[in-house]
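Just so it is clear, none of the values below were taken in a lab; they were calculated from the coordinates. What you are looking at is a predicted structure, and each value in this text was computed from that prediction instead of being measured. Don't worry about glycine lacking a Cβ; one is built from the backbone with ideal geometry, like all the others, and counts go over all protein chains shown.
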């Protein structure tokens with residue numbers, strides 16, 4: 001995630017099924033950063049000092065005026081460089097989903113969804129919304145990515161993955177979370193049409209239609225192997 005006004009997407013890993021997601025989350029998920037780095041990887045004194053020393057070395061030996069940290073995670077190195085007078089920006093490049101419609105564009109990079117500008121000016125991030133992780137967070141439910149986004153029915157729909165099997169409904173302009181629905185299957189993709197949210201279930205080779213108003217299952221339709 002960037003520090004400052006640059007446009008970025010939060011880092012995610014990719015996995016094609018539940019086993020892939022489990023493997024990836026054990027390496028790169030939030031559980032890893034909270035439990036497997038010795039000191040939890042967050043904005044604390046340990047990591048500020050660590051990246052401060054790196055920034056001091058960069059400034060002393062390279063004397064840069066501008067820096068782009070590609071793969072900046074939460075931006076600690078970018079912050080340290082900026083504190084030392086460097087025009088530094090950060091980006092995590094693995095955006096995992098995008099949706100456009102109803103006059104807005106949203107992009108997802110777990111655990112955030114961002115609304116982007118659509119006017120004729122420079123591309124800007126207008127909203128930066130955190131989608132909460134499950135609580136308590138474990139290696140088994142640690143979301144790796146958002147599988148898909150969709151716009152329709154006056155809402156932004158955000159789909160979790162095989163580990164965090166939830167669907168979020170957001171206001172498409174402010175990003176306020178309106179509802180959270182737990183799914184009983186590992187979701188793969190979604191679209192909105194005719195007052196329903198249609199979600200693929202590759203495990204049982206079906207498409208599940210949810211009523212957009214009540215969030216109840218309206219239909220389950222069998223399709224070919226590996227519904228995607």
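Quick notes
- Inter-probe distance in nm under a simple model that places probes 7 Å from Cα toward Cβ, at residue 220 and residue 130: 3.6 nm
- Cut-off 13 Å (backbone N to label point 7 Å along Cα→Cβ of residue 173), residues of segment 112-154: 154
- Each of residue 228 and residue 83 was given a label point 7 Å from its Cα along the Cα-to-Cβ line. The distance between the two points is 4.6 nm.
- Three principal axis extents describe the C-alpha atoms of segment 97-222; from largest down they are 45, 36, 22 Å.
- Sorted by Cβ density within 10 Å, fewest first, the residues 198, 106: 198, 106
- Backbone N atoms of segment 65-85 closer than 19 Å to the 7 Å Cα→Cβ label point of residue 45 belong to residues 80.
- Taking 159, 123 and counting other C-beta atoms within 10 Å, the order from fewest to most: 123, 159
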